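The values are calculated or read from the model by the stated rules, or taken from the named source; none is laboratory data. For clarity, every value in this text was computed on a predicted model and none was experimentally measured. Heads up, the Cβs are rebuilt from the backbone with ideal geometry, glycines too, and the neighbour counts pull from every protein chain shown.
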Amino acid sequence: MKRLLAAGMLPVIVGGLLAGATPASAGVPAHYAEQKLAWHPCAAEELISLPPGTDISGLECATYRTPRDWDRPHERQDLTIAVSRLKATGPSTASLLTNPGGPGGPGRWQPTMFRGQQKLREHQDIIGIDVRGTGKSTNVTCRGAVDAIRQLDPRDRDPRNLDQILATTEHAAKSCQSAGGELGSLITTYQTIRDFDLLRALLGREKINWVGYSGGTWLGAHYAQQFPQRTGRFVLDSSTEFTTDWQKTFDQQAVGFERRWRQDFLPWLARYDAKYHFGTSGEEARQTYERVRYALSRNPMDGKGPMQLEFVIVYMLYKKATFPALADLLVKVRDAMENPAAKAEAKAAVEAAGDFSDAQDATFWNTVCGEGKFIGTRESRIRESQRNLDRGLLLAGGGILNASVCMFWDKEPRPLPKLDGKGVPPVLIVHSEHDPATTIEGARRAHAKFANSRMLTVTGEGDHGLYADGNPAVDEIVNAYLVDGIVPADQSVPGMPLPVP
């Protein structure tokens, strides 16, 4: 590890608030800039998406007010932003802001996942944030309007079914915009990163550090480009292609999920055929799944059909640690197709694994549809979904049709700024080769276009979210960067082994 760290490093000096510096951005009204964060011990009910059994001792919670619209900050229309803090174990020299992605994932709980990073915790306060729109911050809503788009199967190529998918998607777009009202158009990256900069000032920091995962890399890159002088050490873990638009980023997912499915999960499932009985090769296991899927399409479990199952599958492919749970789920569904008495248990398992809040959904769609143009027509999206299926992208390829919500968004999106990294301090991109949700190809393109970025590639790995998740080689390099300012050269480290069920 030390030999890898020694090559091509540059120190970056990032400290706390400089003497005499004014932390608030110019133009921020005093009633926002002069707030005090009233920290108190977090209660479990203040934390959304808290993983079961999480230790929240020492985690402090607070809220602050932010302008509803940063283009009109003097109107005194406030939003509430919920934050948390895990204080440094030693003298604090910096604040590390974190984001779990989405966009729209509540992140107030997230500092708890860094408890084991002793070197980091000795020096930095770790900050969690429920971004505007979600969690315990001011919520936006779609009133469940997008739930229906997860139900219709794009593998059924009957023109009437395809028309129904697009009609459902159009209805979801219009209903979500109506439900979100004026607030929906203010749930954007532009607004959110200004909330972060106000938080930086309230924390008393001249600069902030950052660890953002998945959609949090988009937020981190946009903040760094907009506020380079306030950018400390930024880690973009499992990176979006933030140098392009959301449409291109999400359309790449069909490749990423199919690769993870066929090259990582199915061969793993076959390795343990004695336990799961899905087949002794990855292809045999895939064929078994296809038979189960077909049976489910003909005989849904109380309305739960193949799309609800595949929605769960794609999220369980994010982490190899969930492979055994995914295998158990597939066995339950297979058994339910053969034994009606097992349907209730299988249906409950699918429902439990696929639960997302309305506020999280609404924050996602308002953000993605509210910034940058979406290109396409009904006909072109049908053709694109067919091309994906023809290429063998079966797990999520046809689903781009269901995900065409932004094509029907009526409100004019905010133009995206150009992200080229010019003038930005070095940022570190961390990415696995088989990441299903944000492809390695997109991350490499972002790295190539974002000046002065570095890239740490984790080989033989497909996990989405790598830092502070059990890979010592990744943690050592990232901590050396976050704490000591050692900027690594582009390099790769091996991933961790797949689990044994």
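Things to note:
- Flag: Ala448 matches the condition of being assigned to a helix (DSSP H, G or I) and either in the same structural domain as Gln287 (by TED's automatic domain parsing) or farther than 23 Å from Glu310 by Cβ (or both).
- Within segment 264-294, no residue satisfies the criterion of being under 14 Å from Glu310 (Cα atoms), β-branched (Val, Ile, Thr) and out of contact with any helix residue (DSSP H, G or I) (no Cβ under 6 Å at 6 or more places or on another chain).
- Complete set of residues in segment 274-322 that are at pLDDT 95 or above and at positive phi: His277, Gly279
- Residue among Thr22, Thr80, Thr54, Thr66 that is assigned to a loop (DSSP other than H, G, I, E, B) and either at pLDDT 95 or above or assigned by TED's automatic domain parsing to the domain that holds Gly212 (or both): Thr54
- Annotation note: Cβ proximity below 6 Å between a residue of segment 165-191 that is over 30 Å from Lys418 (Cβ atoms) and a residue that is at pLDDT 95 or above and of a type in the set (A, V, I, L, M) (sequence gap 6+ or interchain) occurs for Ala172/Val405.
- For segment 150-188, the set of residues classified as acidic (Asp, Glu) and more than 30 Å from Pro73 (Cβ to Cβ) consists of Asp153, Asp156, Asp158, Asp163, Glu170, listed by residue number.
- The set of residues from segment 64-98 being more than 29 Å from Gln118 (Cβ to Cβ), crowded, with 16+ Cβ neighbours inside 10 Å and among the polar types (S, T, N, Q) comprises just one member, Thr66.
- Some residue of segment 466-485 being crowded, with 19+ Cβ neighbours inside 10 Å and either within 24 Å of Thr244 (Cβ to Cβ) or outside the structural domain of Pro228 (by TED's automatic domain parsing) (or both): yes
- Qualifying positions in segment 40-53 - on the phi < 0 side of the Ramachandran plot and loosely packed, with under 15 Cβ neighbours inside 10 Å: His40, Pro41, Ala43, Ala44, Glu45, Pro51, Pro52
- Output for segment 284-311, where each listed residue is crowded, with 20+ Cβ neighbours inside 10 Å, in contact (Cβ under 8 Å) with a residue 40 or more places away in the chain and of a type in the set (A, V, I, L, M): Val292, Leu296, Met301, Met307, Leu309
- Residue check, Ser380 under 24 Å from the mean Cα position of the chain (by Cα) and either hydroxyl-bearing (Ser, Thr, Tyr) or buried (at least 20 other Cβ atoms within 10 Å of the Cβ) (or both): no
- Sole residue being in contact with a Leu (Cβ under 6 Å, 6 or more places away or on another chain) and of a type in the set (D, E, K, R), chosen from Glu206, Glu182, Glu170: Glu206
- Any hit, segment 151-167, residues being part of a strand (DSSP E or B) and of a type outside the set (Gly, Ala, Ser): no
- Tally, over segment 236-259, of residues that are under 14 Å from the mean Cα position of the chain (by Cα) and within 22 Å of Asn452 (Cβ to Cβ): 8
- Matching residues in segment 31-55 - criterion: being within 22 Å of the chain's Cα centre (by Cα) and touching a residue at least 40 places away in the same chain (Cβ under 8 Å): Glu46, Leu47, Ile48, Ser49, Leu50, Pro51, Thr54
- Residue, surrounded by the most Cβ atoms within 10 Å (Cβ to Cβ), within segment 215-270, restricted to residues that are among the acidic types (Asp, Glu) and in contact with a Ser or Thr (Cβ under 8 Å, 6 or more places away or on another chain): Asp237
- Taken over segment 271-283, the residue count meeting the criterion of being part of a helix (DSSP H, G or I) and either crowded, with 21+ Cβ neighbours inside 10 Å or out of contact with any Pro (no Cβ under 7 Å at 6 or more places or on another chain) (or both) is 5.
- The single condition among (1) surrounded by fewer than 23 Cβ atoms within 10 Å (Cβ to Cβ); (2) within 30 Å of Leu183 (Cα to Cα); (3) among the aromatic types (Phe, Trp, Tyr) that Tyr318 does not satisfy is (2).
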